[in-house]
Amino acid sequence: MKVKTLTNWSGFVLLLLFLTLWSCQNSDTSTSTTKANPANSNPAIQQKVKELMGKMSLEDKVGEMTQMTIDVLSVGEPYELPEPHALDEEKMRRVLVDLKVGSILNVGGHAYTQEYWHEIIGRIQKMAMEEKPSGIPVLYGIDAIHGTNYTMGATLFPQQSGLAATWNPEMATKMAEVSAYETRASAIPWTFSPVLDIGRDPRWSRLWEGFGEDVLLAKRMGLAAIQGYEGDDVSDPFKVASCMKHFLGYSMPWSGKDRTPAYVPERLLREYVMPTFQAAIDAGARTVMINSGEMNGIPTHTDSYILKDLLRDEMGFKGLAVSDWEDIILLVKRHRIAKDHKSAIKMAINAGVDMSMVPIDTDFPILLKELVEEGEVPMSRINDAVERILTLKIELGLFENPIYPMSDYPKFGSKEHSDIALDAALESIVLLKNEQQLLPLSDQAKVLVTGPAANSLNPLNGGWTGTWQGVDAKYNTPNKMTILDAVRDRLKVSRTVVEFVEGTNFTETINIPKAVAAARRCDVAIICLGELPYTEKPGDIDDLDLPPAQQELVQAIAATGKPIVLVLAEGRPRVIREIEPKAGAILMGLLPGNEGGRAIAQILFGDYNPNGKMPYTYPRFANTLLTYDHKGTERISQEFGTDAFRPQWPFGYGLSYTTFEYSDLQLSADRLQADGTLEVSVKVTNTGDRDGKEVVQVYVADKVATVTPPVKRLREFDKMELKAGESKTVSFDIPIQQLAFVGRDMRWTTEPGDYEVEIGGLKAPFELVEN
């Protein structure tokens, strides 16, 4: 493939005015057959890094280690930028030329058009490469996490929890491929994605940004996303550098609230927290973002055990480690382990942070330079960090191609891309309940659509959509359908009446009596509940129950006796124990994105057979937050009179409009050695009258171990499609090492003893014996 390359900076002003008039030349960008090695082993890259380093001053180097938000380059005060957004030439020169800042991030408050991204990043790169003595281009980063969510008109997919609900790694790859394409189309080469934090606490405000509670599922989905972002050659104009988030232990706050202290025992850290990152490192992920919080009393940004001993020495990461937002100065303001900013910088850089997301503080490079001159930060630490930064810039091809012309990206926001997003949304929807086959609904059914999530794209997309919190509808993609829009569109052919009454907003009642009156006139009520978008600290909550106003709406409509379909649009599971019995059917939408409304309508009326499965456990009580792989037994002894594990819906749960039967579970042997492979097969039959997809989930239980074993662990899975009446036998080869756990000596181990395989309700024992 031939692509155009910007080479004539002197004509750049014309580029800004006439975006199609590029001065360019052709260059061959065919991808390599093997993944580029981020360990700096490419001799040509090493030589170029060496040449650049030889010409750089200390000021150049500390500038490269500085990342600032676009606000500091813009007209107005940071976080209070006037409209329309504009760059400030004097501020740009101060940051890019005087301070020699090497990386810029973020968006000035809200999404920009693709054309405007090209204009501003073009100006930034022009100044950096023409006026900065080193001529090194800027590395621009953005939170493109479910598509290029800060570019108007981009394709928006389900958030990561929704992708996890597909149990289809191919969907994660497709999302990341489209996102990489459209992010590069916006002149940005670096995305702060994927989140690899394991999501085992439903209170946490960023649960929806991860791939669920299980290590294997999260690892498979994370690897698939990284492959989609980076491909086999990250310099490809359709690829971006990925960023593993957030190293390490960020998703484990004891309070359940964002950026509050975490206490993670080493065994839990090694068995549940590290594996997703280790797999990503082994796959060549280019960058990592450090945990904003503190773990076991030590802020991660200062923990050399985490950032050096684990990340570098043990796990083998060779790429760029970037801080999170303002986290070095927060060592003074929040954590109070540094007496001043200069001391905080010394701690973080010496611990292993390569690039500081300051993001508005112009003192960072000045103070870091002083620390080096005073001998408080060794020059070797600076050189290591800058070599990693330069290597990434070279790998991305920024020196030759700082940005590509928009004309190279004709598929941006295309129907082809939105169709992929629709497929992902369809597979992400989980059917949680369907009594007496209430769903699918008849085309002739007169329906009421009500509830706060019924007529808004915001609860379908969640945070990081147009704006940081995703609540400003002004920046939603035009012409995308809400659930109400999609239901009306679906029924327009049959001319069936669709009534709409909001009933409540997310926290307060509005017109419930009107909704009840409308329900009496209809055959079925589709009640759309959920959460306003949120992320990070603004998403902290004090009560996991669904807000009372929404529950009141369900109770009032249930009193009419009309059938109820609940549609949940949630970033985390909100407790609905009291209203669940009132619904005949329940659909779970784990932030399915811009195409979520269409997907939900297709499932409601039977155009698509649901096949999503829960990526986490949905609790029944706010004080019973166990994961599926909890320790101990399934049930407390009867004298205590209560169940140990009785969630509303378990991990891996999800219904279909057809039925599947499992039979003929076979193991290759009933005695295996530790260096062997467990071969498992099972026959799956579609016993219903509709074609459908089923996720075959293989669980293994270690019956007795020297460390209390979980009741079971997911060890393999596969998604398959079966026609009505069709049977298939699916097989899995599971290396015994895959059954290992972290033992008392903190090493991965397998132990002789009795084990049990469980698939689809079938169980088969085997014994592991010593070699």
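Given a Förster radius of 60 Å and the C-beta distance between Ser343 and Lys48 as r, what FRET efficiency does 1/(1 + (r/R0)^6) yield to the nearest 0.05?
0.95
Give the calculated FRET efficiency between Ser442 and Lys537 to the nearest 0.05, with a Förster radius of 56 Å applied to their Cβ-Cβ distance.
Once rounded, the FRET efficiency stands at 0.80.
Please give the charge dipole size of region 436-507, origin at the Cα centre, charges +1 on K and R Cβ atoms and -1 on D and E Cβ atoms. Round to the nearest 20 debye. Show your work: numbers first, answer last.
Numbers: 7 positive and 6 negative charges, 38 e Å.
In debye, rounded to 20, region 436-507 gives about 180.
To two decimal places, what compactness ratio does region 670-771 give when its Cα radius of gyration is scaled by 2.2 N^0.38 Å?
Relative to the 2.2 N^0.38 Å estimate, region 670-771 comes out at 1.23.
Which entries in Lys174/Lys415; Lys308/Lys333; Lys582/Lys613; Lys683/Lys719; Lys257/Lys474 show an alpha-carbon gap greater than 19 Å?
Lys308/Lys333; Lys582/Lys613; Lys257/Lys474
When a/c is below 1.5 the answer is rounded, else prolate if a/b is larger than b/c, else oblate, so apply that to region 568-689 with a ≥ b ≥ c taken from the square roots of the Cα gyration tensor eigenvalues. Let's see the in-between values first.
On the way: a/c = 2.06, a/b = 1.20, b/c = 1.72.
It comes out oblate by the Cα gyration axes.
Taking Cα atoms, how many degrees apart are the long axis of helix 415-428 and the longest axis of the chain, rounded to 10 and kept between 0 and 90?
50
Asp282 versus Met720, label points 7 Å from Cα toward the beta carbon: distance in nm?
2.6
What ³J(HN,Hα) values, in whole Hz, does the Karplus curve 6.51 cos²θ - 1.76 cosθ + 1.60 give for region 298-314 when θ = phi - 60°, with x put for Gly and Pro?
For region 298-314, the Karplus curve yields 10, x, 4, 5, 10, 9, 5, 4, 6, 7, 10, 4, 7, 4, 8, 6, 7 Hz.
Projected onto the charge dipole of region 369-482 (+1 at Lys/Arg Cβ, -1 at Asp/Glu Cβ, origin at the Cα centre), which of Val386, Met481, Leu371 gives the Cα projection farthest towards the positive end?
Selected residue: Met481.
Nothing charged except the Cβ atoms of Lys and Arg (+1) and of Asp and Glu (-1): what's the magnitude of the dipole of region 392-550 about its Cα centre? Round to the nearest 20 debye.
Value, rounded to 20: 800 debye.
Can you pull the accessible area of Met56 for me, 1.4 Å probe, Å² to the nearest 10?
Estimated to the nearest 10 Å², Met56 gives 20 Å².
Rolling a 1.4 Å sphere over the protein heavy atoms, what is the accessible area per residue of the chain, to the nearest Å²?
On the way: 28130 Å² over 771 residues.
I get 36 Å² per residue for the chain.
Between rounded, prolate and oblate, where does region 356-406 land on the alpha carbon gyration tensor, with a ≥ b ≥ c its root eigenvalues, rounded for a/c under 1.5, else prolate if a/b exceeds b/c?
oblate
What is the gain in length, in nm to one decimal, between Arg747 and Lys582 on full extension, counting 0.36 nm per residue of separation less the C-alpha to C-alpha distance?
54.5 nm
So how exposed is Ile142, as accessible area in Å² (1.4 Å probe, rounded to 10)?
0
Would you work out if region 230-278 is rounded, prolate or oblate? Take a ≥ b ≥ c from the square roots of the eigenvalues of the alpha-carbon gyration tensor; rounded if a/c is under 1.5, else prolate when a/b is larger than b/c, oblate otherwise.
Verdict is oblate for region 230-278.
Taking the DSSP beta bridges in the chain as the whole, what percent of them are antiparallel, to the nearest 5?
Numbers: 57 of 101 bridges.
Of all bridge pairs located within the chain, approximately 55 percent are antiparallel.
Relative contact order (percent) for the chain, with alpha-carbon contacts under 8 angstrom and 6 or more residues of separation? Show your work: numbers first, answer last.
Values: 1855 pairs, mean separation 97.2, N = 771.
Result for the chain is 13 percent.
Please determine, in degrees from 0 to 90 and to the nearest 10, the orientation of helix 43-55 with respect to the longest principal axis defined by the Cα atoms of the chain, where the helix direction is its Cα long axis.
50
Treating the Cα atoms of region 62-171 as identical point scatterers in vacuum, please give the log10 of the normalised Debye intensity I(q)/I(0) at q = 0.23 Å⁻¹, two decimals.
-1.23
When the helices in the chain are scored as -39500 (n - 2.57) per DSSP H run of 4 or longer and the sum is shared across all residues, what 222 nm value do you end up with, to the nearest 500 deg cm²/dmol?
Theoretical 222 nm ellipticity from helices: -7500 deg cm²/dmol.
Return P(r) of region 655-729 (all Cα-Cα pairs; 5 Å bins starting at 0; whole %; ordered from short to long distances).
3, 13, 20, 20, 15, 12, 8, 6, 2, 0
Considering region 296-436, what Rg and Dmax in Å follow from its alpha-carbon atoms?
According to the Cα coordinates of region 296-436, Rg and Dmax are 21.6, 76 Å.
Considering the options His118, Gly102, Ala86, tell which one lies farthest towards the positive end of the dipole of region 77-134, charges being +1 on Lys and Arg and -1 on Asp and Glu at the Cβ, about the Cα centre.
Working it through, the farthest residue towards the positive pole turns out to be Gly102.
Any chance you could run the full-extension gain for Glu77 through Glu552? It's 0.36 nm times the residue separation minus the Cα-Cα distance, nm to one decimal. Show your work: numbers first, answer last.
Working: separation 475, 0.36 × 475 = 171.00 nm, distance 4.38 nm.
Between Glu77 and Glu552, full extension yields 166.6 nm more.
Please compute the net charge surrounding Ala525, taking Lys and Arg as +1 and Asp and Glu as -1 over other residues with Cβ under 12 Å from its Cβ.
Around Ala525, the surrounding residues sum to +3.
Quick one: which of 481-488, 661-668, 317-324 comes out on top by average Cβ neighbours within 10 Å, and what's the full order, highest first?
Most protected by this proxy first, the peptides run 317-324, 481-488, 661-668.
Kindly state, to the nearest 0.05, the FRET efficiency for Asn383 paired with Ala517, given R0 = 51 Å and r defined as their beta-carbon distance.
Result of the calculation: an efficiency of 0.10.
Using a 7 Å offset from the Cα along the Cα-to-Cβ direction at both Asp545 and Trp254, what is the distance between the two label points in nm, to one decimal?
2.7
Find which of Cys243, Trp208, Thr276 sits farthest along the positive direction of the dipole of region 184-292, computed with +1 on the beta-carbon of Lys and Arg, -1 on that of Asp and Glu, about the Cα centre.
Trp208
Over region 449-506, with a single point scatterer placed on each C-alpha, what log10 of the ratio I(q)/I(0) does the Debye formula yield at q = 0.14, 0.15, 0.25 1/Å?
Each listed q corresponds, in turn, to -0.43, -0.49, -1.01.
By how many degrees, 0 to 90 and rounded to 10, does the Cα axis of helix 341-351 deviate from the longest principal axis of the chain?
70
Please compute the alpha carbon radius of gyration of the chain, then divide it by the globular-protein estimate 2.2 N^0.38 Å. Two decimals is fine.
This ratio for the chain stands at 0.97.
Leaving ligands and nucleic acids out of the surface, order Val75, Val372 by accessible area at 1.4 Å, largest first. Write out the running numbers ahead of the final one.
Working: Val75 60, Val372 20 Å².
The residues order as Val75, Val372, largest area first.
Between Arg690 and Thr624, what is the label-to-label distance in nm when each label sits 7 Å out along the Cα-to-Cβ direction?
Computed distance between label sites Arg690 and Thr624 equals 3.1 nm.
Any idea what the dipole of the chain comes to, in debye rounded to 20, about its Cα centre with Lys/Arg Cβ at +1 and Asp/Glu Cβ at -1?
On the way: 80 positive and 105 negative charges, 184 e Å.
With Lys and Arg at +1 and Asp and Glu at -1, about 880 debye.
The values are calculated or read from the model by the stated rules, or taken from the named source; none is laboratory data. Predicted model only: the values in this text are computed from it and were never measured. So basically every Cβ, Gly included, is an ideal-geometry build from the backbone, and we count neighbours across all protein chains shown. These area figures cover heavy atoms from the full protein model, side chains too; ligands, DNA and RNA do not enter into them. Shrake-Rupley method; radii C 1.70, N 1.55, O 1.52, S 1.80 Å.
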